[in-house]
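Q: Sharing a structure with you now.
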Amino acid sequence: MHLPESPPRPRLGLAVATNLLPPVAWGYELWRVRALTLLSGRRFPLEEEFALLVAALEPVRGGVFADLGTSTGLYARALLRYGAARVYAVDLSPAMLRVAVRKARGLPGFVPMLARAECLPLPSESCDGVAVGGSWNEFPQPEQVAAEMARVLKPGGRYFVMFAHASQSPLQRLLALSGLRFPSSEEVQATLGKVGLKGKAWREGGVGFVSGAKVVGIV
């Protein structure tokens, strides 16, 4: 089993550090259920988001997946309900994972994992798919996250990334001071493409998406 050496641990920005607080974890899904509607400018329910996730990662049934920056496990639970055999729910916040474990009761195959997305404690080529739901904006080292996604994916394995898309809004400029990053979908696509994760990028208002697969022979 090959695991990577741990890269230097970056200093957490204020926005990421708040995810370590239990009250933030308790209230996370109250925000998350409305997030894409607010960001996209149209009604965008979680059910539609989950449908995009599952379509991007097909076939889901019987597969093994990693949900990076799982927070309270929304994507992990959705994949298990669609028939995934196992989902590694990865997050660096113990508070978020405690809520995720509680919400995933009754769903066999949910595996909470306290870890950084930049250094996954998973064997190489162990996952059929990898998902990132919004946490891409919080990763201090997105290039390292992309490399880890490529490492743990099987050849031909699929991925799905959703994030808050770059804009010129004063709010984004303010949030950037707290450590959040706001790339364009093309920038995320390029970061993933450098490590052999090829796919398509698109956006809806303030929401960006990139999905595709690990190209055999590149990584």
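Bear in mind that the values in this text are calculations on the coordinates, not laboratory data. As the structure is a computational prediction, the values presented were derived from the model and not from experiment. Using ideal geometry, Cβ is built from the backbone for each residue, glycine included, and neighbour counts are taken over all protein chains shown.
Q: Report the per residue volume, in Å³, of the convex hull enclosing the C-alpha atoms of the range 45-124.
A: Working: hull volume 7.4 nm³, N = 80.
So the per-residue hull volume is 92 Å³.
Q: Tabulate in residue order the Karplus-calculated ³J(HN,Hα) for the range 23-30, using 6.51 cos²θ - 1.76 cosθ + 1.60 with θ = phi - 60°, rounded to whole Hz; enter x for Gly and Pro.
A: The phi angles translate into x, 5, 5, 4, x, 4, 6, 4 Hz.
Q: Collect residues whose amide H, placed 1.01 Å from N in the peptide plane, falls under 5 Å from the amide H of residue 207; neighbours closer than 5 in sequence don't count.
A: 165
Q: Looking only at the range 100-144, which residues have a backbone nitrogen under 18 Å from a spot 7 Å from the Cα of residue 20 in the C-beta direction?
A: 113-119, 138-141
Q: Right, next: The range 130-175: Rg/Rh from Cα coordinates, Kirkwood Rh?
A: On the way: Rg = 13.1 Å, Rh = 12.1 Å.
In the range 130-175, Rg relative to Rh is 1.08.
Q: What is the packing order of peptides 82-95, 200-213, 129-142, 170-183, taking the mean over residues of other C-beta atoms within 10 Å and listing the highest first? Each step should come with its number before you reach the end.
A: Working: 82-95: 21.5, 200-213: 19.0, 129-142: 23.6, 170-183: 14.7.
Averaged packing, sorted descending, gives the order 129-142, 82-95, 200-213, 170-183.
Q: So, counting K/R as plus one and D/E as minus one, what does the shell of residues with Cβ under 15 Å around residue 45 add up to? Walk me through the numbers before you get to the answer.
A: On the way: positive: 32, 34, 42, 43; negative: 29, 47, 48, 49, 204.
Local charge sum for residue 45: -1.
Q: Lysines within cross-link reach of residue 200: Cα-Cα under 20 Å, excluding same-chain residues under 8 positions apart?
A: Partners found: 154, 214.
Q: Based on alpha-carbon positions alone, could you give the equivalent ellipsoid semi-axes of the range 172-219 from the gyration tensor, as √(5λ), descending, whole Å?
A: On the way: eigenvalues 128, 34, 7 Å².
They are 25, 13, 6 Å, listed largest first.
Q: Give the long-range amide H neighbours of residue 157: residues separated by 5 or more places, or on another chain, with amide H under 5 Å away, using H modelled in the peptide plane at 1.01 Å from N.
A: The answer is 214.
Q: In whole Hz, what ³J(HN,Hα) sequence does the range 117-126 give by Karplus (6.51, -1.76, 1.60; θ = phi - 60°), x for Gly and Pro?
A: Once θ is set to phi - 60°, the couplings for the range 117-126 become 5, 6, 8, 7, x, 10, x, 4, 6, 9 Hz.
Q: Percentage of Cα-Cα pair distances in the range 50-175 greater than 20 Å, rounded to whole percent?
A: Details: 3151 of 7875 pairs.
Result: 40 percent of Cα pairs exceed 20 Å.
Q: Given bins 10 angstrom wide, list per bin the percent of all Cα-Cα distances in the chain, short to long.
A: Taking all Cα pairs of the chain, the binned fractions are 9, 36, 41, 14, 1 percent.
Q: Can you give the Kirkwood hydrodynamic radius of the range 124-217 from its Cα pairs, in Å with one decimal? List each step's numbers first, then the result.
A: Working: mean 1/r = 0.0748 Å⁻¹.
Result for the range 124-217 stands at 13.4 Å.
Q: Can you work out ³J(HN,Hα) from phi for every residue in the range 198-204, in order, using Karplus 6.51 cos²θ - 1.76 cosθ + 1.60 and θ = phi - 60°, giving whole Hz and x for Gly and Pro?
A: Using θ = phi - 60°, the values come out as 9, x, 10, 10, 8, 9, 10 Hz.
Q: What is the extension gain from residue 103 to residue 168, computed as 0.36 nm multiplied by their sequence separation minus the C-alpha to C-alpha distance, in nm to one decimal?
A: That works out to 19.8 nm of additional length.
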